[in-house]
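Derivation of every value follows stated rules applied to the coordinates shown; laboratory data play no part. Remember, predicted model here, so these are calculated numbers, not experimental data. We place every Cβ from the backbone using ideal geometry, glycine too, and count neighbours over all the protein chains shown.
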Amino acid sequence: MTLQKIFIINLKKLRKEKGISQMLLAEKCDTSANYIGQIEMGRRIPSFEKIEKIAAALNIHPSLLFVVENSGEIKEQKLKTKDYLERMPVHVKKELFTRLVALIKADIAESLDAKNY
């Protein structure tokens with residue numbers, strides 16, 4: 001897959017995840033919706049400056065527009081974790097769960113205290 005195709009896939013995905021239309025993205029980047037549409041169709045290639053503006057408008061680091069997601073590797077890792085947990089003795093699972101819940105509760109309490117709720 002080309003770097004341009006990776007950029008296009010990530011731009012569309014991240015824009016949609018954030019609920020931003022091409023029009024709104026264009027406004028935030030001081031360009032036209034037509035230009036954003038052409039980028040997403042692969043008809044235009046943005047400059048580095050425009051890529052930085054797009055990333056800023058999406059509130060992400062520009063490098064995230066070029067990340068290749070390998071869902072096969074992620075799926076394989078999840079299976080390994082699942083297999084590991086399935087083989088774990090029940091008492092160890094319970095202890096792990098108890099400790100994780102305690103840590104999460106402590107983090108939430110700390111966060112709430114920091115915000116003076």
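Numbers below:
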item	result
222 nm mean residue ellipticity, helices alone, for the chain (DSSP H n ≥ 4; -39,500 (n - 2.57); rounded to 500)	-23000 deg cm²/dmol
Most to least packed among 53-64, 86-97 [average Cβ atoms within 10 Å]	53-64, 86-97
Tilt relative to the chain, helix 48-58 - C-alpha long axis, 0 to 90 degrees, to 10	50
Nearest 10 degrees, 0 to 90: helix 71-87 Cα axis against the chain principal axis	10
Two-site label geometry, residue 67 and residue 6: point separation in nm, points 7 Å out along Cα→Cβ	1.2
For residue 39, net neighbour charge (Lys/Arg +1, Asp/Glu -1) across residues whose Cβ lies under 10 Å away	+3
Distance (nanometres) between label positions extended 7 Å along Cα→Cβ at residue 87 and residue 21	5.4
Label assignment, volume of the Cα convex hull per residue in Å³ derived from the structure, set [x] 151; [y] 229; [z] 90	[x]
